[in-house]
Amino acid sequence: MTINLPKLIGHRGVRDLAPENTLQSIKKAIELNIKWVEIDVKISKDHIPFLLHDSSLERTTSGNGSPLNYKYSELYKLDAGSWFDKKYKNLYPPTLKEVLDLCSQKNIGVNIELKPNKGSEEANVVAITELIMKHKFDCQYFLSSFDWFSVIKIRKLLPESHVGILIDSFDQKRNFTKMLNKCNEHNFFSCGFNITIISDEIINICKNYGILVTVYSSQNIEKNEAEELWNLGVDSIFIDNPTSYKNMLE
Ligand code: G3P
Ligand code: MG
């Protein structure tokens, strides 16, 4: 399946408008006409892939500690919305299957970010691969991670899939070239960069390698910044709040 990345990808759903990585956040993105969403995926104790950004449950749920200590049936009982607003108290951390079902139904693309807790990298890749192979979801998707092991492994297990690496920082140009050679070796589809390290030089080198460029940030990327990035050749931007993009999304 060829995929065309859109200019905008909703970050953790639309994380400024609804609790991140919940079905509500994805539904909100769909309502606002966003065509692709990014989600963070890790596994429970019983190896069910589900959505959670952090390595522990505290910040975005009513739970404590590592999700690897709980079966999904226990995680399902957690409140994943009150931290954002009391009115979301009935939200729970959804499974990856639920999200892929919803996005297939609504014809929405999904960037599945593999966010394994330390030590569960292999089990995380295997559980996600098995789910995708078993259900053959209808939606477009691509897989990415900051974790090289995860992206290299899933590229091998799902050879038809599109896979990208995420880069938060690198020391020198030499490291960047080394990294791109690795991307090339594994036939990666994209590189996602933190907005703090992106440059026209990096974008041009990626383009010469035929690798798509995405950009994320710890805070919302507003439309004026995004326009500069698109002009430099960036393919997709992760956004938390689409308000300044309203005209583009009508
Ligand atoms: O995939 C882009 C972005 O989600 C990476 O950063 O920490 O928000 O998962 P983070
Ligand atoms: Mg992410």
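The values are calculated or read from the model by the stated rules, or taken from the named source; none is laboratory data. This is a predicted model, so every value here is computed, not measured. Methodologically, a virtual Cβ is constructed for each residue, glycine included, from the backbone with ideal geometry; neighbour enumeration extends over all protein chains shown. To get the accessible areas, we keep the full protein, side chains included, count just its heavy atoms, and leave off ligands, DNA and RNA. Shrake-Rupley method; radii C 1.70, N 1.55, O 1.52, S 1.80 Å.
Round to the nearest 0.05 the FRET efficiency obtained for residue 148 and residue 196 when R0 = 25 Å and r is the Cβ-Cβ distance.
0.75
Looking at 33, 69, 13, which one has the Cα that reaches farthest to the positive end of the dipole of segment 1-103 (charges on Cβ: Lys, Arg +1; Asp, Glu -1)?
About the Cα centre, the residue reaching furthest to the positive side is 33.
Under the 0.36 nm per residue contour assumption, what length would be gained going from the current alpha-carbon distance of residue 243 and residue 136 to full extension?
Stretched out fully, the residue 243 to residue 136 stretch lengthens by 35.1 nm.
Of all the accessible heavy-atom surface of segment 191-250, with the other protein chains kept in place and a 1.4 Å probe, what percent is carbon and sulfur?
44
Over the chain, what is the relative contact order in whole percent, taking alpha-carbon pairs under 8 Å and six or more residues apart?
19
Can you give the helix-only mean residue ellipticity at 222 nm for the chain, where every DSSP H stretch with n ≥ 4 adds -39500 (n - 2.57) and the sum goes over all residues, rounded to the nearest 500 deg cm²/dmol?
Helix contribution divided over all residues of the chain: -9500 deg cm²/dmol.
For the pair residue 204/residue 106, report the inter-label distance in nm, with labels modelled 7 Å from Cα in the Cβ direction.
Placing both labels 7 Å beyond Cα along the Cβ direction yields 4.0 nm.
Looking at the P(r) of segment 74-153, how many percent of alpha-carbon pairs lie beyond 20 Å?
In whole percent, the long-distance tail amounts to 45.
Of 42/246; 27/153; 28/86; 42/207; 118/156; 7/136, which ones are farther than 28 Å apart at the Cα?
In this structure, 42/246; 27/153; 42/207 exceed 28 Å between Cα atoms.
Per residue, what accessible area does segment 1-154 have, given a 1.4 Å probe and all protein chains present, in Å²?
Roughly 44 Å² per residue, with all protein chains present.
Consider just the alpha-carbon atoms of segment 1-141 and return their Rg together with their Dmax, both in angstrom.
That works out to 14.2, 41 Å for Rg and Dmax.
Using a 1.4 angstrom probe on heavy atoms only, work out the carbon and sulfur share of the accessible area of segment 104-155 in %.
50
Can you tell me, using C-alpha contacts under 8 Å and at least 6 residues apart, the relative contact order of segment 45-190 as a whole percent?
17
Report relative contact order for segment 98-170 in percent, whole number only (criteria: Cα-Cα under 8 Å, sequence separation at least 6).
Taking the mean separation of contacting Cα pairs over the length of segment 98-170, I get 34 percent.
Let me know the Kirkwood hydrodynamic radius for the chain, please, with Cα pairs as the basis and the value in Å to one decimal.
18.3
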